[in-house]
Structures are given as C-alpha cells and as structure tokens.
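Heads up: the structure comes next, in structure tokens.
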Amino acid sequence: MRVRNVLPALAALAVTGLGLVGAAPAVAAPTAVPAQPSVAQQALGHDVYRGWYMSKGGCEEAGNAGVTRGHWDNFSCAPGRGEILWHLWTNR
C-alpha cells in the first residue's frame, strides 16, 4: 500500500483507539480544506493554504522550516475543529 493511503487509516485507528470518535471524520477526510482564509489571515497576507497538522507545534515547525528554506516570508497556524487539527497558511 502507498503511504498516502496508509497514514489516514492509521490516524483514524489511533483516534478511535483513544476514544476521540468525534474527531474521526476530520482525520479520515483530510480533503476538507477551508475555501477562503479568515479575515485575520487575509490582513496578514496569508492567502496560500499549505496543509493540516495534528498539533500546533507541528504546524509551527513546518512554517519555520519554510521560512528557513526561503519558500515564504511568514506564516500563521489557524486552529481547526476543536483545535485538534492546525492549518498552515503562508504569504506565498
């Protein structure tokens, strides 16, 4: 199996095993991407959606790595459903 197929399945199993069944649809369907950035993100110029992370620390680490590599100048991490998922937005 491909990693892309296995990771969502493993995440869903972990969430179910931990008793967080309410979060299972959010983990099992990573294609639920916000269509528009929030007003605060637009004010910061963060209009490019980069993906979701399971923790705020993971989101910030990815954002800082992109700044270090020169892919974007700045970023923001916005909480998703129940602050379980974090969404990375960048300026370019």
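Screening segment 44-61 for residues that are open to solvent by less than 20 Å² (accessible area, probe 1.4 Å) and touching a Phe, Trp or Tyr at 6+ places or on another chain (Cβ under 9 Å) and picking the one that is modelled with the highest pLDDT gives 59.
Scanning segment 74-92 for residues that are under 9 Å from the mean Cα position of the chain (by Cα), surrounded by fewer than 22 Cβ atoms within 10 Å (Cβ to Cβ) and of a type in the set (A, V, I, L, M) gives 78, 85.
One line per residue, one yes/no per condition, for (1) in a helix (DSSP H, G or I); (2) of a type in the set (Asp, Glu); (3) in contact with a Phe, Trp or Tyr (Cβ under 9 Å, 6 or more places away or on another chain); (4) at pLDDT 65 or above:
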{"residue": "8", "(1), (2), (3), (4)": "yes, no, no, yes"}
{"residue": "67", "(1), (2), (3), (4)": "yes, no, yes, yes"}
{"residue": "73", "(1), (2), (3), (4)": "no, yes, no, yes"}
{"residue": "88", "(1), (2), (3), (4)": "no, no, yes, yes"}
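The values are calculated or read from the model by the stated rules, or taken from the named source; none is laboratory data. Everything numeric in this text was worked out from a predicted model, so none of it was measured. Ideal geometry is used to build each Cβ from the backbone, glycine not excepted, and the neighbour counts take in all protein chains shown. The protein model used for the area step is the full one, side chains on, heavy atoms only, and it has no ligands, DNA or RNA in it. Shrake-Rupley method; radii C 1.70, N 1.55, O 1.52, S 1.80 Å.
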